[in-house]
Amino acid sequence: MAITFSHKIRRVAGSGLAFGQARVRSPRGLAFALGGAAILALGTVGGYRLVAQVEGDRGIAPLANSEDIQVNGIKVDVTAKTGADARLEGWKQAEKDAWKKLGGPDMPVEAIDAMVSSVVIGHEQVGPRRYIATLGIIFNKARAGQYVGAGGAAIRSAPMLVLPVLYSGGVQQVFEVRGPWQKAWAEFQASQSPIDYVRPVGAGGESLILTAGQASRRSRLWWRNILNQFDAADVVIPVARLERQWPGGPIHGTFTARYGPDNTFLGIFELDAASEQDLPVMLNQAVERIDGLYRNALASGELRPDPTLTTSGQVLDRAFAELRQKLMPKGGVPADVVPVAPPAIAPVPAVVVPTETVSVQFASPDAAAVDAALAAVRGVPGVRGAATVSLAVGGTSVMRVTVEGGSERLAAALRAQGWKVTNGGGALRITR
């Protein structure tokens, strides 16, 4: 991962114990330490199976987004009297090259240096009198924006969850291990893009729910619960497939941009890297090109949140009404149908049926069981609404149902569908 330093930092000094070290000053303290360790060991034996699924060094935290102007991939090769002097000269040379790459006006090096907020070190080699590095320069937008960069308001997308899928060596992965594809997306400066990327870290339980298999799931309920955890409206799925000719040799990459719960295809392209050392550069280029595909889709109106992922029923009703208008011919009446006057019907006084809110518990071993339970309850006549209020995949979930006639009418209808219904504690429990 690239390391970012402020250009004003020259030396950092410190002292103290390293992280994880401790001092034991007496045998009594040693006994307390060993006793505490034994208690912790006994407490964790029962839960080792769950810990084993999420332990390990995985997940890469994304770089902090910034509105500043960043230029990457500046290569320098400078010599001086000492290695430290060569490094400072190399940074100044990188700042000049980055400013030129942005198309900025001719300015003294001191003026350019005053607009630099940070230097990103991608790779560097410091010798006794020589400095070779690949750097990134970040300019302060408040100072440099008057000379370079486009102003004005830009269209921003809704928050999009990023699910970077990597196929390499016959294995597909997302956050199971620290992969180069996820690293490239973590180091991407997303603030310069109109796409509002929501990039998970991938540590802990995130690696259990955000897997490569998740991209092929179609359950809107399952997707809705995942997106709600990350405050996202939809998902983008950048896919990278790497093929190595031989160990340490050339690498051929095929990159695909997809989005949405239906894994909709947007575009595809191919890139090549000469060796493993050139793989990060190729992946960074691929991230920028995929971001360009998402930008074009946003500009054309194709990249927008799926209406079936929202919890509002009005959006679905509006979508069905638009579909009905498209399928029906002009005039609203099919050509082979002759309009018939409706028969006179005597008005019938409306009967008001009281509604009741009922809590329904049901077993939810997987997403399919959740969908089946919701479908069964929503199919009962008189049910005005049903939504999960507690979702526990692998356990017991709870839904809140608004039904006409109360819990007895709901229980009778579910028994007619083949469900076993028990009533207790002011809630219904249904099982197959």
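General observations
- Each residue in the stretch 71-100 was checked for being surrounded by 18 or more Cβ atoms within 10 Å (Cβ to Cβ) and under 36 Å from the mean Cα position of the chain (by Cα), and 10 of them qualify.
- The condition of being more than 30 Å from A215 (Cβ to Cβ), among the charged types (D, E, K, R) and either surrounded by fewer than 19 Cβ atoms within 10 Å (Cβ to Cβ) or modelled with pLDDT of 80 or more (or both) holds for only one of R130, R156, that being R130.
- Listed here are the strands (runs of 3 or more DSSP E) enclosed by the stretch 152-213 that have at least 2 residues being among the polar types (S, T, N, Q), more than 15 Å from the chain's Cα centre (by Cα) and farther than 16 Å from F255 by Cβ, and there are none.
- Just one residue in the set P329, P339 is open to solvent by 90 Å² or more (accessible area, probe 1.4 Å) and modelled with pLDDT under 85; that residue is P339.
- Complete set of residues in the stretch 209-241 that are touching a helix residue (DSSP H, G or I) at 6+ places or on another chain (Cβ under 8 Å), open to solvent by less than 30 Å² (accessible area, probe 1.4 Å) and either more than 17 Å from M160 (Cβ to Cβ) or of a type in the set (F, W, Y) (or both): S219, L221, W223, A240
- Residue check for R143: open to solvent by 30 Å² or more (accessible area, probe 1.4 Å) and assigned to a helix (DSSP H, G or I): yes
- Any chance V380 is touching a helix residue (DSSP H, G or I) at 6+ places or on another chain (Cβ under 7 Å), of a type outside the set (D, E, K, R) and assigned to a helix (DSSP H, G or I): no
- Qualifying residue in the stretch 406-424 (condition: surrounded by 14 or more Cβ atoms within 10 Å (Cβ to Cβ), within 37 Å of the chain's Cα centre (by Cα), under 27 Å from W223 (Cα atoms) and of a type outside the set (S, T, N, Q)): no
- Residue list for the stretch 258-303, filter: buried (at least 18 other Cβ atoms within 10 Å of the Cβ), over 30 Å from S219 (Cα atoms) and either without any contact (Cβ under 8 Å) to a residue 60 or more places away in the chain or among the hydroxyl-bearing types (S, T, Y) (or both): A273, M282
- So R318, is it part of a helix (DSSP H, G or I), under 29 Å from the mean Cα position of the chain (by Cα) and at pLDDT below 75: yes
- Residue match in the stretch 185-202 (condition: closer than 30 Å to V76 by Cα, polar (S, T, N, Q), in contact with a Lys or Arg (Cβ under 8 Å, 6 or more places away or on another chain) and modelled with pLDDT of 80 or more): yes
The values are calculated or read from the model by the stated rules, or taken from the named source; none is laboratory data. Every value quoted in this text rests on a predicted model; they were computed, and no experiment measured them. Heads up, the Cβs are rebuilt from the backbone with ideal geometry, glycines too, and the neighbour counts pull from every protein chain shown. Ligands, DNA and RNA are excluded from the accessible area calculation, which covers all protein heavy atoms including side chains. Shrake-Rupley method; radii C 1.70, N 1.55, O 1.52, S 1.80 Å.
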